[in-house]
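Please read the structure below before turning to the comments.
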Amino acid sequence: MVEGDMDIPYLELAEPEEGYHGLIKENETLVEVTPPIRARGPLCSFLILNNKHHGEAPFEIMVIDENEARLRVRYPLNCEKRRNYKFDIAAVGCDGSYSNTVPVHITVTDVNEFAPMFSQAAYVKAVDEGRIYDEIVRVEATDRDCTPRYGDVCKYEILTDRSQPFTIDNEGIIRNTEPLDYEKSHNHILSVVAYDCGMMQSAPVMVTIKVNKPCRAGWKGVAERVDYAPGTGPLALFPAARLETCSSDERCPGVTRIQAAVTLQASRAGSGCDRDTYSLHSQRTICGLDPKTIDLLPSPGAGNEWAKSLKPDSGRDGEQMFEFDGETTAAVVPESILPHALVGSFSISTWMKHAPPLDGDKHRKEHIFCLADDHKMNRHHYALFVRNCRLILLLRRDFGEGDLNIFRPAEWRWKLPEVCDNEWHHYAVNVRFPNVELFVDGEAYHAPDAKGPEVIDDWPLHPAHGVNTTLVVGACWQGTEHDMKHHLRGGLAGLGVLRGGVQTPRALSCLAHCREGLSLAPDLYLKSVSVEGDGVADVETLLRRVSYGDARAFPTPGRRNVHVATTITCDNGRMIVARPAESYIMVLAPQTPSILLNGSEDLARDYAHFRAGLTVFPDLSVRVLAPGNERPLPEESQKLDSCVVSVYPALNPDHEALALRDASDLPLRYDIRAAVTRDGVILTGADTVQNYQKVLREIEYSNKKPAYYLNRVFKLTCSELNGRFTSNEYVQTLTVVHPHMAGGEAARELHPSGMADKVDAVARDKQAEHGSHRSAAAAQSPRVYAAHAQRDAHLADVPAPRLIELRADRPANHVALLIGVVSCGVIVLAAGVFVARARGARSARARAPPAHHALHALHALRAREHDSEMAWDDSALTITVNPMEESAAPSCGTHAAAADSSDGESCSDSDSDQHDSSDEDDEVMPGKEHKYRNISQLEWDNSTM
């Protein structure tokens, strides 16, 4: 400041253009100014110069001393009305001069004088029970304080019981922590407060949350159980059904669309709903699959030893389904079962149940079957496998099939949801290279995008010498590792391969077709039915038409669950899922049909018939009668699927046999397979009763040694529908007619059948020589021969005596012949007694005299037959006859003793007869006791001998 200006006041300020800054709370009067207001020079007062842009400033300046002043308000300030003030001040000298002007900036600081206030006096909200809401209601509070510190709301809190299932965040959003239940509480009343950032609490506000009484949209009038009697046709499941849509609910003021889906949950742990009715083999036969189809999943057993490593299910039809564990289960198919080379046309069909891999590996390969190199290399020649829920057919050409430098289709890939739904489905691939067609559940597969399968081209396989192939079911053989890889995890059934042709679409459709299900029209059987309409009445009408039907005559009894799912679309676009309706169908047990087997239960035949072979059931009658009456079923309903002929004990293969006439062409004539064993005959396959009857009548039994038997007993039973219905047990007895003794033919009593044949031959020759007048027919008729000779403990086996009539013109006297035979027997017995008495004085260890010694003693016995001193004593009677000496010379002496004359021919005849009889067969040996087998345990009555 220059000296001339010493008389003018001056405001001291380092940076005058910055001016003064002041702070004052709205409840205070003195402003705190920085820097302090000071002036120099002759000072009398300070002057506030109001800014026309900011209006009048409610401040005044008080002079403390001659050079300093303070700023204060003239009336209380309100931050909520005005927070900032700006004006200029100047110092005024006593002479009225003014100093320079300096701006002053005043800021009014807030005081937390107001509490938060809610925007509404109360809150009310309605919610549905059973739901978790992200936001039920949002409360909002404000604060009139001017600064964020006191004017912002920083917190909300629920003051009511903490047991209430609600929470509130700092934004004021209230949500429930658990589903609400109308039965527990219709209303929930909450007291909520808000806090500003200075933690001043507001007055509480009431929040009421109402729980709506549930309007359960869904079906009413649906019966919990519906009984179905087999053979009664389609049955309506929901005749009284009505739909409740909750039209009074504000959530759904009107209905735009209603969709209802009815699902029949009748699947079992098996493939196809007819699995309980017929086996897979029978289904193939009924549906007309090519009979040349080769079964790669046969029942493990005799002839199928290679399949023993497979794991059939534990059910009654365990031979049909096999479980593969994805780690070890696999079977190598011999080339004798299926030649490894597949020609240009072939078909592969199988039932399969498969789920995604447990580890989620999308690159895992699971082979249904695979042909690969057996060693050195791992080339896969052809295969059917699953990968990433795709069914893939691999078909690599051999190096000799075409140009090695030309690409040709080698892999077909189908993306199928069925592959990974863990349900049974039928798949069939018909190949007419290069055309490949897939059938799923009997229907030709068409992709949703109307595109065919993904086809990958490849070169043919390169040449390899000395390398064979290995065909595996359930995995693939790795030749370099000598181990199985790429195992299948799932179920397979009915895996068949047809070489040189393809299966017809009609047969595949029949195989997968199910005659049980839901329907809206006759002969239509579906697993699920969907109905859709714009209004409630339309949907109710359609649902009442949904029926259950089963066209099988004898369906498997039991429970079938029915599920109804409904979706309602409201006018406002809201989707309401109605309460599902549950019901079940109880299929009652069908009345069992009667399978009757009738015929001649006892057939008697002689030796010649048994040796030549005779039919076991020549007049067998098989009938199937309707349940509850004796009326036969229609011919198309009369079917059998197995018959078993059993014989016990088992046949002796040395001389017994069972056979079928024209057994070689049996599969060509009928759908029946036959297995003949020592224990009987087993017939299997679904076919008509008439065809089974024809085959049963063709069963023959032959016995080369019928003299060993009294009879043979055969038991027959037949069944239908895998053994669910069985016939009566029909017992057929074949009786052996043994020869009876004829008048004077005493020689037959002691000759077995074989020897009797020779005796008869000699007798006929003699009669021809002597001019016998018997008719030729009688001579040619079959003879009935003695089946056995009853033996006594003391009977000596000696050649039978014969009476020879020298006079040809004299009629035969059979009575005399019989008397002569009896007399000879008495003489022989007396001779034996005499010999025993004569040798009694000798040592007991000496051998008994042969038969011809006893016969020589006959003459001495006659001389002393009136000796009164001879006494009968049989206490030490022992007669042993050597059967090998039967043809010795003394037998001729016996004949001479028995008759007064002999023509010298009897000895030679007798000898030749006995030698020839041993050549006939070995049924009976002279001197050996003859034993018989009686299957029916009949006791032999020896009173007839």
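Some notes on this structure:
- Equivalent ellipsoid semi-axes, the range 12-98, via Cα gyration tensor eigenvalues times 5, rooted, Å: 23, 13, 13
- All other residues whose Cβ lies under 13 angstrom from that of residue 199 are scored, Lys and Arg at +1 and Asp and Glu at -1, for a net of -3.
- Taking only the C-alpha atoms of the range 489-628, Rg followed by Dmax gives 26.9, 96 Å.
- Relative contact order, percent, the range 462-555 [alpha-carbon distance under 8 Å, six or more residues apart]: 18 percent
- For the range 119-191, the share of accessible area belonging to carbon and sulfur comes to 43 percent (1.4 Å probe, ligands and nucleic acids excluded).
- Long-range Cα-Cα pairs in the range 659-708 (distance over 15 Å), rounded percent: 46 percent
- Extent along the principal axes, Cα only, for the range 510-564: 39, 24, 16 Å, with the longest axis given first.
- Which listed pairs, of 365/451; 311/353; 308/415; 292/694, have C-alpha distances above 22 Å, in listed order: 365/451; 308/415; 292/694
- Rounded FRET efficiency, nearest 0.05, which uses the C-beta distance separating residue 142 from residue 101 and R0 of 41 Å: 0.50
- Cα-based reach from residue 155 at 17 Å (exclusive), listing lysines while leaving out same-chain residues under 8 positions away: none
- Here the extension length gained between residue 682 and residue 592 equals 30.1 nm, from 0.36 nm per residue of separation less the Cα-Cα distance.
- For residue 728 and residue 541, a Förster radius of 45 Å and the Cβ-Cβ distance give a FRET efficiency of 0.30, rounded to the nearest 0.05.
- For the range 339-379, Kirkwood radius (reciprocal of mean inverse C-alpha pair distance, Å): 13.7 Å
- The range 90-158, Rg to Rh (Cα coordinates; Rh as Kirkwood inverse mean 1/r): 1.47
- Once the chain from residue 408 to residue 294 is taken as fully extended at 0.36 nm per residue, the excess over their C-alpha distance is 38.3 nm.
- Cα→Cβ-extended label distance, 7 Å offset, between residue 161 and residue 182, nm: 2.3 nm
- Take the convex hull of the alpha carbons in the range 180-246; its mean projected area over all directions comes to 8.5 nm².
- Inter-label distance, nm, simple model (7 Å from Cα along the C-beta direction), residue 124/residue 362: 5.5 nm
- Computed over the range 340-425, Cα set: Rg, Dmax in Å: 14.7, 42
- Three semi-axes of the equivalent ellipsoid, the range 110-211, Cα gyration tensor, whole Å, largest first: 29, 11, 10
- Seen from residue 589, the other residues with C-beta closer than 12 Å to its C-beta sum to a net charge of 0, counting Lys and Arg as +1 and Asp and Glu as -1.
- The residues of the range 205-259 have, on average, 53 Å² of accessible surface per residue, using a 1.4 Å probe with all protein chains present.
- Residue 481/residue 421 FRET efficiency (R0 22 Å; Cβ-Cβ; nearest 0.05): 0.10
- The range 463-611 - accessible surface per residue (Å², probe 1.4 Å): 45 Å²
- Over the range 416-480: Rg over Rh, Cα atoms, Kirkwood Rh: 1.05
- Calculated on C-alpha atoms, the gyration radius of the range 44-171 divided by its Kirkwood radius gives an Rg/Rh of 1.31.
- Label zone (residue 259, point 7 Å along Cα-to-C-beta; backbone nitrogen cut-off 19 Å) within the range 198-240: 217-219.
- Relative contact order (%) - the range 504-607, alpha-carbon pairs under 8 angstrom, separation at least six: 20 percent
- Charge tally for residue 18 (other residues, Cβ to Cβ under 14 Å; Lys, Arg +1; Asp, Glu -1): -3.
- In summary, the convex hull built on the alpha carbon positions of the range 469-553 has an orientation-averaged projected area of 10.7 nm².
- Extension reserve of the residue 169-residue 559 stretch, reckoned as 0.36 nm per residue once the Cα distance is removed: 135.2 nm
The values are calculated or read from the model by the stated rules, or taken from the named source; none is laboratory data. Being a predicted model, the structure only gives us computed values, none of them experimental. Heads up, the Cβs are rebuilt from the backbone with ideal geometry, glycines too, and the neighbour counts pull from every protein chain shown. For accessibility, only protein heavy atoms count, side chains too; no ligands or nucleic acids. Shrake-Rupley method; radii C 1.70, N 1.55, O 1.52, S 1.80 Å.
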